[in-house]
Structure formats: structure tokens, C-alpha cells
1. Go through (1) out of contact with any helix residue (DSSP H, G or I) (no Cβ under 7 Å at 6 or more places or on another chain); (2) of a type outside the set (S, T, N, Q); (3) not in a helix (DSSP H, G or I) and name the single condition A:ILE58 misses.
2. As an exercise: evaluate B:TRP211 against (1) over 19 Å from B:ILE141 (Cα atoms); (2) assigned to a helix (DSSP H, G or I); (3) among the hydrophobic types (A, V, I, L, M, F, W, C) and give the number of the one condition it does not meet.
3. Go over the candidates A:GLU293, A:GLU279, A:GLU262, A:GLU252 one by one and state the one that is acidic (Asp, Glu) and touching a Lys or Arg at 6+ places or on another chain (Cβ under 7 Å).
4. Give the range A:63-76 a look and list any residue that's of a type outside the set (Gly, Ala, Ser) and buried (at least 24 other Cβ atoms within 10 Å of the Cβ), or say none.
5. Out of the range A:142-182, which residues are aliphatic (A, V, I, L, M) and more than 15 Å from the chain's Cα centre (by Cα)?
6. B:ARG108: of a type in the set (Lys, Arg), part of a helix (DSSP H, G or I), within 14 Å of another protein chain (Cβ to nearest Cβ) and in contact (Cβ under 8 Å) with a residue 60 or more places away in the chain, yes or no?
7. Within the range A:106-115, can one find any residue that is in a loop (DSSP other than H, G, I, E, B) and touching a helix residue (DSSP H, G or I) at 6+ places or on another chain (Cβ under 9 Å)?
8. When you check B:GLY131 against the structure, is it in contact (Cβ under 8 Å) with a residue 24 or more places away in the chain, surrounded by fewer than 22 Cβ atoms within 10 Å (Cβ to Cβ), at positive phi and over 19 Å from the mean Cα position of the chain (by Cα), yes or no?
Amino acid sequence: MAPGTGERKEPAVVAQGLKKKYKGDVVALDGLDLEVAAGMRYGLVGPNGAGKTTTVKIMTTLTRADEGLALVSGIDVKADPDRVRKAIGVVDQRSTVDLTATARENLNLQGRVYGLKGGELKSRVSELLEQFGLTKDADRLVKGYSGGMTRRLDVALGLVHRPRVLFLDEPSTGLDPEARHALWEEIERLAGGQGMTILFTTHYLEEAERYGELVSIIDNGKVVATGTPEELKSGLRGDALLVELAGAADTEGVNRALSGIEGVSDVVLEDSRLRARAEVGARAVPRVLSELESAGILVDSVTVSRPSLDDAYLLYTGRRFAEVDRAGEEAAATTAAGGRRAKKEGGEAG
Amino acid sequence: MIAAVRDSWYMAGRHLRNLMRQPVYIALTLFQPILYLVVFSQLFKRIAQIPGFTSTSYLVFLTPGIIILNALFGTAWSGMSMIEDVDRGVIDRFLQTPVKRVSLIAGRLTQMGVTLLIQSLILVGLALLMGAHFNGGVPGILLLFLSSVMLALPFAALSNGISLMSRQQETVMAAVNFIFLPLMFLSTVFMAPNLVPGWIRAISRYNPVNWAVEAGRAAVGPNPNWAIIGSRLLLLAGLSVLCILFATRAFKTYQRSV
């Protein structure tokens with residue numbers, strides 16, 4: 001399933017058979033495999049609760065896998081976590097800045113922890129403040145920052161020591177599309193010149209498609225598919241058909257009506273929405289319409305589209321992304337491990 | 001080792017800066033000890049006249065005890081700030097860097113030590129205003145301050161460790177009340193050792209609060225008993241090492257749960 005990217009260098013991130021269970025036998029990872037070539041921008045996509053964040057936590061030494069092997073830049077995270085820590089930068093899914101300090105103080109401390117000092121530290125911090133448009137507010141307490149500014153500072157903190165591998169866990173959470181785009185432009189600009197490897201997680205399919213050179217779809221603690229966004233979508237034959245019905249219809253009737261049409265498959269009905277796959281969308285539409293009509297099913301509109309990553313997700317997991325994501329969110333809210341998670345959810349809602 | 005000291009220095013810088021920005025925290029926890037000092041020294045003034053009481057002034061007797069109690073109760077807050085950092089993700093961020101774990105504890109202990117010194121100065125100043133006279137002079141008072149810090153170290157470390165493991169302020173508060181109140185009353189903070197019941201005297205021998213009170217009281221009194229001061233401070237130093245080790249280990253427990 002791995003694409004032929006022809007990498008020569010040692011992979012930046014390797015996971016083999018990672019397994020992790022949380023309290024109460026909640027399975028977070030169930031044998032996850034991953035290989036990220038050096039210098040690549042790699043997206044992990046999946047709904048909430050799929051295991052993305054747990055993967056990042058293991059690779060960044062915050063927590064340990066119960067089983068399996070995890071390597072970053074060839075270093076075993078279990079055996080030599082301190083060496084891994086020097087090689088990586090991490091941006092957590094929520095802000096981790098010290099609100100009671102200024103941006104400059106935050107960056108100074110982070111840099112010192114990695115051994116930067118004196119003039120080198122000073123110039124590196126000024127450089128980052130400049131790059132992330134924070135120079136003007138550098139000496140104000142972060143408490144008064146906007147969400148976008150805080151997020152930019154989060155990314156700057158992860159970059160202080162010029163890491164070889166940057167982990168971005170849901171980097172655009174809580175950002176509006178414009179700010180999300182600006183943040184990614186910044187990340188791409190910074191990563192491009194330095195050959196930095198970026199592993200990011202997202203539960204926005206568009207984000208994975210747009211910014212990931214390679215994408216893995218994660219479901220139930222496992223990688224179910226890997227490839228470039230194009231490759232993942234090409235696993236889908238033909239076009240996606242979306243038929244809006246005038247009213248609710250029964251699955252059986254719809255299936256009977258469409259079963260005879262050649263080249264139409266994967267018919268799924270959700271209330272008054274009918275989705276199907278057609279080898280050639282434009283050719284299928286008239287037949288679909290007439291068959292539905294003769295079965296007495298009224299149609300409001302028909303859309304034909306090239307397959308999206310959303311469709312790819314459906315193909316590889318057998319479920320629609322949005323629903324799983326919502327369900328995952330609810331499950332996460334109820335099984336919240338400890339007070340931290342619950343607080344976080346509450347904070348985001350507020 | 002050098003890295004641990006260096007990182008602790010950086011972390012201490014962060015916490016001391018916070019303290020400077022919000023000096024009101026120094027005053028916030030002072031209310032209770034000031035109340036104790038002012039009210040108890042008046043309420044129990046006559047205790048000094050009991051035959052066999054070890055001091056001629058109850059105020060002079062009480063002041064070291066109150067300074068030690070202030071140190072004890074202040075340590076609860078150290079754990080609260082740890083929980084705040086955990087909730088804000090600051091701890092996770094540091095745990096993903098090569099920073100030495102012990103520095104995340106030591107930085108907080110430094111801030112607490114500085115806070116305590118300022119608070120102790122205020123309390124001693126108040127006692128002097130109320131007419132107390134300490135025979136030990138300035139060196140004695142400095143040794144008393146040292147005793148209070150030496151008591152605060154193990155308890156603040158403990159409070160940090162419990163906070164990391166429980167991550168809930170309520171749990172830390174409950175633990176603090178469960179441990180601190182008995183430690184306060186099963187000691188010679190309020191009454192001379194030769195006048196407390198035998199069973200309390202027996203227990204107080206193993207009570208770290210009492211070690212600090214004995215050392216501090218001896219230091220400010222006439223003819224300090226150096227054997228007492230030295231041995232009690234040594235005991236507190238040993239306890240500090242154990243508790244700081246515990247708090248540093250608590251990061252492992254914490255990391256298993258994230």
C-alpha cells in the first residue's frame with residue numbers, strides 16, 4: 001500500500017504494531033503501523049477517538065505504548081526518550097503556552113530548555129516572533145492574545161530549536177478557515193527550507209488532502225489506508241452521485257429501482273439523501289432518474305462529483321466520516337479520562 | 001546533575017517572575033497566621049505564667065510556631081499551581097522537551113521559599129511590633145526562617161506529587177486537611193513540650209512540623225541548643241530528599257495516565 005516515493009534517507013518516523021489501552025480497557029491503538037519518510041509532510045486523518053493523538057503522544061515520548069516499536073529519526077522512543085526529545089518539536093491540539101508570561105518569555109524559556117543561550121537565543125527568538133507576526137505584541141502577557149495569535153505562538157514554541165521532526169496534533173483546531181490557511185502557509189514556508197519532516201493529525205479531510213503529501217486514514221486504532229490523496233481517491237471507481245429525494249424513501253425500494261443499472265454501485269440511503277457510485281456519472285444520471293421516477297420516488301436534485309477523501313474514508317472503513325466523528329466526540333466526552341480532558345472539552349465549547 | 005541545576009534555575013525564573021507580577025499572593029495566605037499570632041498570643045497570654053512553662057512570654061514562644069505553620073499551610077498552594085500547569089498543557093509541553101523532571105518541581109519550591117521568606121519577615125515584624133524580644137537576634141531569626149523553609153520543602157514536594165497523580169484540586173485539598181491539621185495539633189506549636197500530655201509528646205517526636213518548631217524555637221531563644229537545631233534540620237533535609245524524589249517519580253505515574 002505504500003506509494004513508490006523512492007526515498008533514500010532513513011524514515012523520520014516509524015511505528016510498528018503500536019498497541020495502547022487506557023484505563024477501563026479502552027483500546028486507543030490496536031496495532032498501528034506507520035512509516036514517514038524524512039522531509040515529508042504526512043497527514044494522519046481520522047475521526048475523534050481513532051487514535052491519532054495517542055500516536056502523537058507515544059512518538060513524542062509523553063506516554064508509552066503497551067506493545068510495538070516506535071522510532072523517531074531512527075531513535076527508539078522507549079529506550080532513549082531524551083534523544084528523541086531533542087530531535088522533535090511538538091504542537092499540541094490545544095494551546096500549551098504559559099498565559100502568565102509574555103510571548104518572548106515563553107520562547108526564551110523554551111529555547112533555554114533546549115540549550116540555546118545568549119545571543120543565539122536572542123536572535124532565534126526575535127526571528128520567530130518576526131516570522132509569526134508577534135513582534136509588536138512580544139512583550140505583552142499572552143493572556144490578552146487572540147486565539148490565532150496564541151496558536152501562532154504555540155507553533156513558534158515547537159520550532160525554537162529547529163527540530164528535525166515536527167508533530168502537529170490538530171494544528172488548526174479552533175481557527176477559522178482564514179487563520180488556518182495562514183498558519184499552514186507559515187508552516188510550509190518554514191518546513192520547506194529546512195527539510196523538516198512534519199507529521200500532522202487532523203479530522204478535517206480537506207486539510208489532510210490539501211496539506212498532506214501522503215495521508216494515512218486511521219480508524220479504531222489502526223491505519224486502514226495510506227497513499228497520496230490522489231491515490232486514496234483513485235481506489236474509488238468513477239464518480240460520486242448525490243441524489244436529493246423529495247421525501248424519505250425506503251432502502252429496499254431504492255435498491256430495487258437502481259439494481260438494474262449497469263455501472264452504478266454502492267448505493268447508500270440516508271433519510272432523503274441517496275449516495276451512489278457511478279463509473280461515468282454523466283451517463284448514469286438519466287437512467288437513475290428514470291428508474292427512480294418509474295418506482296414512484298420523486299427527486300429534487302442530482303449532483304455528480306469527483307470522489308472526495310470523504311468518499312475514500314467511506315470506502316476504507318465502511319462508514320461515513322461525519323457520523324463517526326460526531327459519535328467519537330460524544331464518546332470522548334463521556335469517557336473523558338481524568339479532569340483534564342473534560343475541562344478541555346468544556347473550554348472549547350465556551 | 002549540572003543540567004538539573006541549570007534547568008531548575010530557568011524554571012525558578014519563570015515562577016519568580018509570576019510571583020513578582022502577582023505579589024498579592026504573598027499577602028493572600030498571610031491572613032490565617034496573622035490571626036493566629038494576634039489572637040492566640042492575647043487569648044493564651046497567661047499560659048506563660050504556668051509553672052514549668054519554658055518561656056516568659058507566650059508571644060515569643062508562639063511566634064516561631066506560627067512561622068512554621070505558615071510554611072506548612074503555604075505548601076498546599078504549590079500543588080495547586082502544578083494542577084493549573086497540567087490543565088493548561090504547560091507540563092505536557094515541558095515533558096516533551098529534554099528538560100530535567102526534577103526542575104519542574106524545584107522551580108516551584110524556589111518560588112515557595114522566596115514567598116515564605118517575605119511572609120516570615122512580615123510575621124516577625126508584627127511580633128516585634130507587639131513587643132516580642134528574641135534573644136537569638138538576627139542570626140537566630142535567620143535560622144528560624146531556614147527551619148520554616150526546610151519544613152516547606154518536603155511538604156510542597158509532596159503536594160506537587162499528589163497533584164500530579166490526582167490532577168484534582170479537591171483531592172489535594174482533602175489530603176492537605178487530612179495530613180496538616182493533625183500535624184499542627186500533635187505538636188508543640190501552641191504549648192510547651194513539658195506541659196502537653198505524654199501521648200502527644202511521644203507522637204510529636206516523629207512529627208516533621210515539630211522538628212521545625214523545635215529547631216526554630218531553639219534558634220531564637222537564649223543559649224541555642226545546637227544539637228537540637230542541627231539534628232532537626234538534618235531530619236528535615238532527609239525528608240526533603242525523599243519527598244522530592246517522590247514528586248519527580250510522580251511524573252511517571254502522570255504520564256501513564258495521559
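Please treat every number below as a calculation from the coordinates, not as lab data. Everything numeric in this text was worked out from a predicted model, so none of it was measured. Ideal geometry is used to build each Cβ from the backbone, glycine not excepted, and the neighbour counts take in all protein chains shown.
1. So A:ILE58 meets the others, but not (3).
2. Of everything listed in (1) over 19 Å from B:ILE141 (Cα atoms); (2) assigned to a helix (DSSP H, G or I); (3) among the hydrophobic types (A, V, I, L, M, F, W, C), B:TRP211 misses just condition (1).
3. From the options A:GLU293, A:GLU279, A:GLU262, A:GLU252, the qualifying one is A:GLU279.
4. Residue satisfying the conditions is A:VAL72 alone.
5. First, the residues of the range A:142-182 that are aliphatic (A, V, I, L, M): A:142, A:149, A:153, A:155-157, A:159-160, A:165-166, A:168, A:175, A:179, A:182.
Selection gives A:VAL142, A:MET149, A:LEU153, A:VAL155, A:ALA156, A:LEU157, A:LEU159, A:VAL160, A:VAL165, A:ALA179, A:ALA182.
6. yes
7. Of the residues in the range A:106-115, the ones in a loop (DSSP other than H, G, I, E, B) are A:114-115.
Now narrow it down to the ones that are touching a helix residue (DSSP H, G or I) at 6+ places or on another chain (Cβ under 9 Å): A:114-115.
The answer is yes, given that some residue of the range A:106-115 is in a loop (DSSP other than H, G, I, E, B) and touching a helix residue (DSSP H, G or I) at 6+ places or on another chain (Cβ under 9 Å).
8. Yes: the conditions hold for B:GLY131.
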